[in-house]
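One structure is given here, and the rest of the page talks about it.
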Amino acid sequence: MNEQAKKNEIVNAQNGMEKKVETVDYRSSAGQRQEERNVQVIHQPHSTNTSGGVLAGAAAAVASTLQSAKDAISKK
């Protein structure tokens, strides 16, 4: 992170903490000069008491989708 970054911690609409960081993004393409623009990055940490609940839910959704696809293919 560059030295120009500013941090703000706020409570969002869902009562979760957000960390907003205002910083500068530097980009350049081959043969072009460097472009600089101000950007804002928002970090939204998830609660630590889920014990992988987010990933478990995603895995279950993928498994269900795969099973549905297998059933659809086998029943042509």
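Derivation of every value follows stated rules applied to the coordinates shown; laboratory data play no part. All figures in this text were calculated on a predicted structure; none of them were measured in a lab. Glycine also receives a Cβ, built like all others from the backbone with ideal geometry; neighbour counts cover every protein chain displayed.
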Nitroxide proxy distance, nm - points 7 Å out along Cα→Cβ at L55 and S74: 2.9
Cα-projected label distance for A30 with E18, points at 7 Å along beta-carbon direction, nm: 3.9
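What ranking of V54, V21 emerges when the number of other C-beta atoms within 10 Å of each C-beta is taken as an exposure proxy, fewest first? Mind dumping the intermediate values first?
Working: V54 11, V21 14.
In increasing order of surrounding Cβ atoms, one gets V54, V21.
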